[in-house]
2 protein chains.
Amino acid sequence: MSDAVRDFRFAVNVTPREGILDPQGRAVEQSLPHLDVHNVSGVRVGRRVELTVSAADEAAARAVVERLAHELFSNPLIEAFEVVALGPAAAAGVRA
Amino acid sequence: MSDAVRDFRFAVNVTPREGILDPQGRAVEQSLPHLDVHNVSGVRVGRRVELTVSAADEAAARAVVERLAHELFSNPLIEAFEVVALGPAAAAGVRA
């Protein structure tokens, strides 16, 4: 029944794969000396997508997120992603 | 002593503030029907920055990350950020 559907909030972290050139990360590293920061390395810049899925249970919701992460949010050739459950979506606010 | 310095890996999640227009999130939402996805809402697209800080302890390392998140990774007027400790950096690999 449709009233058994609940909202689940997830985040998808998309980062450049190891060994793949990351121009944004390199740009950050090159700007650090100008900020007098000399103890930072290994900067990688990616994307973070947060979304709410309405589904019967968390497994079904996660399956939707995994599919979108693979097909829409990332380029699997050069990027890796991880899906993180943020818990039940609040009743208001997150459904922008 | 400098040999007491250790490497700490952090992530900074940068997301548009609530109420701030998020054109990328809107674009994702508008593309979902074409993928036959009808149960997703509240999409917000931000950045994720991962970095390694060499410092005497985690508190000192986190202070560097907080400063960079505020000054370099985000625009505080329109974006919020959270700092997440990813644990001690691996000896190799993350120092790209």
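The values are calculated or read from the model by the stated rules, or taken from the named source; none is laboratory data. Bear in mind that the values here come from a model prediction, so they are computed numbers and not experimental data. All Cβ positions, even for glycine, are placed from backbone atoms using ideal geometry, and neighbour counts span all protein chains on display. Keep in mind that these areas ignore ligands, DNA and RNA; they rest on the heavy atoms of the full protein, side chains included. Shrake-Rupley method; radii C 1.70, N 1.55, O 1.52, S 1.80 Å.
A few points about this structure:
- Only one of the numbered conditions (1) buried (at least 16 other Cβ atoms within 10 Å of the Cβ); (2) on the phi < 0 side of the Ramachandran plot; (3) at pLDDT 95 or above is not met by B:Ala96, and that is (3).
- Subset of region A:29-39 that is facing another protein chain (nearest Cβ under 8 Å) and open to solvent by 20 Å² or more (accessible area, probe 1.4 Å) - its residue that is nearest to B:Glu71 (Cα to Cα): A:Leu35
- Failed item in (1) crowded, with 16+ Cβ neighbours inside 10 Å; (2) outside any helix (DSSP H, G or I), with B:Ile20 passing the rest: (1)
- Of all the residues in region A:13-34, those that are of a type outside the set (Val, Ile, Thr) and in contact with a Gly (Cβ under 7 Å, 6 or more places away or on another chain) number 3.
- Members of region A:34-66 found to be under 26 Å from B:Glu50 (Cα atoms) and of a type in the set (Asp, Glu), listed by number: A:Asp36, A:Glu50, A:Glu66
Here is a yes/no grid of residues against (1) in a helix (DSSP H, G or I); (2) within 11 Å of chain B (Cβ to nearest Cβ); (3) without any contact (Cβ under 8 Å) to a residue 24 or more places away in the chain:
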position	(1), (2), (3)
A:Val53	no, yes, no
A:Ala59	yes, no, yes
A:Val64	yes, yes, yes
A:Leu68	yes, yes, no
A:Leu72	yes, yes, yes
A:Asn75	no, no, yes
A:Ala80	no, no, no
A:Val83	no, no, no
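- Only residues that are touching a residue at least 12 places away in the same chain (Cβ under 8 Å) and of a type in the set (Ser, Thr, Tyr) were counted in region A:25-51, giving 1.
- Residue in region A:81-93 that is of a type outside the set (A, V, I, L, M, F, W, C), open to solvent by less than 70 Å² (accessible area, probe 1.4 Å) and at pLDDT 95 or above present: no
- Test: B:Val14 is of a type in the set (A, V, I, L, M), more than 18 Å from A:Val14 (Cβ to Cβ) and either facing another protein chain (nearest Cβ under 7 Å) or not in a helix (DSSP H, G or I) (or both): no
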